Amino acid sequence: MWELNFFFEHYFGSYRKETLTHGQAAELKAELNDVAAELSACPRVLCHRDYHTANLMLDKRGAIRIVDHQDARMGPASYDLVSLLLDRQPAPPSLAEVRTHRLFFLDERRRCGLDAVDPDDFGKEFRLMTIQRGLKAIGTFSCQTAVYGRGAFYQRHITPTLLIVLQAAEWLECFPVLQRMIRDRI
């Protein structure tokens, strides 16, 4: 919930300078609580939690090195995959493209000897994590833009990430308040 509250505070407050009515805030927070509750029930693995291409570097031998580990902690297996595939994208990718990457991930897990995961269950977890991770990223982009004055770089990621979150909520056929609030602001 910390990440979702960070979104709420910085997207609506710092960035948009918007005060939601008590009813609007309560309805949205109830849906965000549902996202957090479902994801907190997922099995936990060690997650980098900022696993996107800007944190993947090539060393002198061409080997990939991962940097920026300060946020690492336990979380659902989908967290880093969502970050890698969807963070800082200029537009929502096709659902078919994302599905292909999810299935590849599950196949690689199996090849490594890890327990098999049902693709449909993982698809739902992935979409929930897309909402959670996307909203967290929007909170970060909003904070960097409005609080720290780094608007040019971070602000450009807000609308595409909102569209990615909206796509995930529509796919799940859940979270009508969140969907409406996003549509009203893009």
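FYI, it's all coordinate maths here, none of it is from the lab. If you're wondering where the values come from, they're calculated on a predicted model, not measured in any experiment. Because the Cβ atoms are built from the backbone with ideal geometry, glycine has one as well, and the counts that use them run over all protein chains shown.
Of note:
- From the options T130, T161, residue that is buried (at least 23 other Cβ atoms within 10 Å of the Cβ), within 9 Å of the chain's Cα centre (by Cα), among the polar types (S, T, N, Q) and more than 22 Å from C42 (Cα to Cα): T161
- Pair list, Cβ under 6 Å, 6 or more apart: the stretch 51-75 residue farther than 30 Å from M1 by Cα, other residue part of a strand (DSSP E or B) and among the charged types (D, E, K, R): M57/R65; D59/R65
- The stretch 142-165, residues that are part of a helix (DSSP H, G or I) and without any contact (Cβ under 8 Å) to a residue 24 or more places away in the chain: Q144, G151, A152, F153, Y154, Q155, R156
- Test: residue in the stretch 85-108 that is assigned to a helix (DSSP H, G or I), touching a residue at least 12 places away in the same chain (Cβ under 8 Å), more than 18 Å from the chain's Cα centre (by Cα) and surrounded by fewer than 21 Cβ atoms within 10 Å (Cβ to Cβ): yes
- Residue match in the stretch 134-141 (condition: free of Cβ contacts under 8 Å to residues at least 60 places away in the same chain, over 13 Å from P92 (Cα atoms) and surrounded by fewer than 20 Cβ atoms within 10 Å (Cβ to Cβ)): no
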